[in-house]
Amino acid sequence: MFSYSNRGASDDASGQQPATALDALRTVFGYDSFRGQQADIIDHVVRGGDALVLMPTGGGKSLCYQIPALVRDGVTVVVSPLIALMRDQVTALRELGVRAAFLNSSLGPAEAREVERAMVQGEIDLVYVAPERLVTPRFLDLLDRTRLALFALDEAHCVSQWGHDFRPEYLQLSILHERHPTVPRIALTATADVQTRAEIKDKLGLTDARVFLSSFDRPNITYRVVPKKSERQQMLAFLRDNHPEDAGIVYCMSRNKVEEVAAWLNQQGREALPYHAGLPAETREANQDRFIKSEGLVMVATVAFGMGIDKPNVRFVCHLDPPKSLEAYYQETGRAGRDGLPANAWMAYGMADVVMLRQMLEQSEAGDSHRRVERGKLEALLGFCETSDCRRQVLLNYFNETLPEPCGNCDTCLDPVETWDGTVAAQKALSAVYRTGQRYGAGHLIDVLVGNATEKVVQQQHDRLKTFGVGKDLTKVEWQSVYRQLVATGLLTVDLEGYGGFRLTDAGVAVIKGERVVKLRKDPVLERRRGVHDALRRHTARGGSVSGGLSGEGVSRAGARGALSAADDALWHALKDCRTALAKAQAVPPYVIFHDSTLLEMVAQRPRDHATFAHLPGVGGRKLERYADAFLEVIRQHG
Ligand code: ADP
Ligand code: ZN
């Protein structure tokens, strides 16, 4: 008999409907309690209400429609924009024993017909559908013949034309409600941008839906922005110290750079793959698939990579080039740490980046009002990079959310940045610009300031200027930092013609005249420190609950500092090997078997039998039955 679940043949595929949402959470998903607003959202939808759910990545949106799909009678139709996303979700659901399927262009006609038949027969609880298929007459007719439980519109921001992932087909989704006014709808998105949220409501006709807005903070992500010196070496050191065996993403601006950095990482002994829109579709798909299915791979990518990556254990996101805006930064870094375990967002940022961003803005051909918006976005991004305050406060503030206290989990909180009165230094730097005719970039200007009589300096007779040598009190690196901040804060602008020389702005002139003071940050000296890898180890060492994360009181408990013992480390690796083998045998990603958090709990709790194994978070009935023996055996061997 055809079955959409992975239940054995003896199972009754039509039965086992959980009576309540909490039943479903415990028996199917293996979790104890709901998180945040999940319980309210699910309750509202189960009762037939419409909902708009705004929750960050990793917040637990999927359960908000998957549980109602199990509790309500009929089929839940999930609209999802990407084939890869649908496939991964359906794979994970089937692992849990849920009757789920997808309908998209990757299915042959016979397979598609089989799914359609199962829908009409009610043999399936969830069907994932691509939006373009949904609005076809054939599918609309199919819906008319199906008993419907719920419409879930995932990645709802795709309806926004101004957002990052516009999908025109999303605009037609209001047809679902017109044809099936009594079937509840739930739209979900992780977009933090207020304009896009308003658009979603409007375009999807969700004006009467109840809005569930969560905090967009991602407390498990540590934000760091380091001054760029030699970006590759800096990143390599960061990876060695913090993520010697973790998977992560490195974002670069250009396709060339993506290829170069990926090749270089491989030379350094770090397995990496490239991803950008210029690669053949098969290569992209193959690389993405390897990233998802393997453990420690680094994906070096342009922003073409990321949407629809559901991998929960992406432990770091690095930016070797600045993102386009703070919205983009939030989205891109947000791909780290979906599982709630500690993760790092690391960016190298320097003078050349600021100059490039300013030039791009000047070159933009957008009209005045659009340009004003772009300028605002750029200032916000630069403000974030240059801040000496808590980065998380700056970031959340940009999304109209207030974090009352500094977070304690970003570079400026962990290693407070000193500021200094840079008024005199700024005056020197600005007058060097002025006296050399507002044509030169930082390199030459710094030579003038520190009194370095290079050929160019002598040739231009800049050694005769009053500013020549007035900046010997600071090093070249410090002057670089001063100029970067002057450009970033808009006291200098970048000339478009020629070689990107600096020009004074009105604000810069005011500084020279002594009408304005300048506060500068003292860039921290880079040093090695402990990171996520240690945090994971500390976590298991203290035997705490992974789902509680590392924030909060748990961290300060006695023993929190202890390193993972050699025995724990061996068990952790053996459990991962066991998971990999099981995943390979079924050609599914390892996290579909168990998340890292579940394995870490195995290390911490060392269950001995089914009864204790069943209590691990992420172990539902189905996984207990299928996998407990294999993992218990590994634990026994390491007893
Ligand atoms: P989103 O879609 O919002 O990015 P997911 O639905 O993928 O988030 O959930 C993120 C992670 O949190 C997943 O690993 C999921 O299994 C886990 N999770 C969700 N809800 C709970 C819960 N109530 N208890 C424990 N873990 C949960
Ligand atoms: Zn902070």
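Here is how the numbers come out for the structure above:
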read-out: Members of the stretch 492-549 found to be at pLDDT 70 or above and on the phi > 0 side of the Ramachandran plot, listed by number; value: 500, 514
read-out: Out of 368, 353, 339, 321, sole residue that is over 19 Å from residue 253 (Cα atoms) and touching a residue at least 24 places away in the same chain (Cβ under 8 Å); value: 339
read-out: Single condition residue 567 does not satisfy, out of (1) at pLDDT below 95; (2) open to solvent by 10 Å² or more (accessible area, probe 1.4 Å); (3) under 28 Å from the mean Cα position of the chain (by Cα); value: (3)
read-out: Filter result for residue 324 (more than 16 Å from ligand 1 (Cβ to nearest atom), among the basic types (Lys, Arg), part of a loop (DSSP other than H, G, I, E, B) and open to solvent by 10 Å² or more (accessible area, probe 1.4 Å)); value: yes
read-out: Checklist (1) within 12 Å of ligand 1 (Cβ to nearest atom); (2) without any contact (Cβ under 8 Å) to a residue 40 or more places away in the chain; (3) open to solvent by less than 10 Å² (accessible area, probe 1.4 Å) applied to residue 90, failing item; value: (1)
read-out: Single unsatisfied condition, residue 439 versus (1) more than 16 Å from residue 491 (Cβ to Cβ); (2) in contact with a helix residue (DSSP H, G or I) (Cβ under 8 Å, 6 or more places away or on another chain); (3) among the basic types (Lys, Arg); value: (2)
read-out: The stretch 394-410, residues that are open to solvent by 20 Å² or more (accessible area, probe 1.4 Å) and in contact with a Phe, Trp or Tyr (Cβ under 9 Å, 6 or more places away or on another chain); value: 394, 398, 401, 407, 409
read-out: Some residue of the stretch 401-420 being away from ligand 2 (no atom under 16 Å from the Cβ) and in contact with a Leu (Cβ under 8 Å, 6 or more places away or on another chain); value: yes
read-out: Close pairs (6 angstrom Cβ cut-off, 6 or more residues apart or separate chains): touching a residue at least 40 places away in the same chain (Cβ under 8 Å) and closer than 13 Å to residue 608 by Cβ in the stretch 623-639, in a loop (DSSP other than H, G, I, E, B) and basic (Lys, Arg) anywhere; value: 635/606
read-out: Residue 182, sole failed condition from (1) within 16 Å of ligand 2 (Cβ to nearest atom); (2) open to solvent by 40 Å² or more (accessible area, probe 1.4 Å); value: (1)
read-out: Only one of 188, 206, 176 that is in contact with a Leu (Cβ under 8 Å, 6 or more places away or on another chain) and either in a helix (DSSP H, G or I) or open to solvent by 10 Å² or more (accessible area, probe 1.4 Å) (or both); value: 176
read-out: Selection status of residue 218, of a type in the set (Lys, Arg), at pLDDT 90 or above and open to solvent by 30 Å² or more (accessible area, probe 1.4 Å); value: no
read-out: Residues within the stretch 116-141 that are without any contact (Cβ under 8 Å) to a residue 40 or more places away in the chain, hydrophobic (A, V, I, L, M, F, W, C) and more than 20 Å from residue 87 (Cβ to Cβ), tallied; value: 2
read-out: Within the stretch 411-431, considering residues that are open to solvent by 40 Å² or more (accessible area, probe 1.4 Å) and of a type in the set (Val, Ile, Thr), the one modelled with the highest pLDDT; value: 424
read-out: Some residue of the stretch 385-397 being without any contact (Cβ under 8 Å) to a residue 60 or more places away in the chain, within 24 Å of residue 227 (Cα to Cα), within 14 Å of ligand 2 (Cβ to nearest atom) and touching a Cys at 6+ places or on another chain (Cβ under 6 Å); value: yes
read-out: Test set (1) open to solvent by less than 40 Å² (accessible area, probe 1.4 Å); (2) assigned to a helix (DSSP H, G or I) - residue 374 fails condition number; value: (1)
read-out: Residue 434, sole failed condition from (1) out of contact with any strand residue (DSSP E or B) (no Cβ under 7 Å at 6 or more places or on another chain); (2) open to solvent by 80 Å² or more (accessible area, probe 1.4 Å); (3) part of a helix (DSSP H, G or I); value: (1)
read-out: Leading residue by the ranking (most open to solvent (accessible area, probe 1.4 Å)) among those in the stretch 32-41 that are touching a helix residue (DSSP H, G or I) at 6+ places or on another chain (Cβ under 8 Å) and either within 10 Å of ligand 1 (Cβ to nearest atom) or modelled with pLDDT under 95 (or both); value: 32
read-out: Which numbered condition residue 176 fails, given (1) touching a helix residue (DSSP H, G or I) at 6+ places or on another chain (Cβ under 7 Å); (2) more than 16 Å from residue 53 (Cβ to Cβ); (3) of a type in the set (A, V, I, L, M); value: (1)
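The values are calculated or read from the model by the stated rules, or taken from the named source; none is laboratory data. Everything quoted here is computed from the prediction, not taken from an experiment. Heads up, the Cβs are rebuilt from the backbone with ideal geometry, glycines too, and the neighbour counts pull from every protein chain shown. Quick note on the areas: whole protein, heavy atoms, side chains included, nothing else; ligands and nucleic acids left out. Shrake-Rupley method; radii C 1.70, N 1.55, O 1.52, S 1.80 Å.
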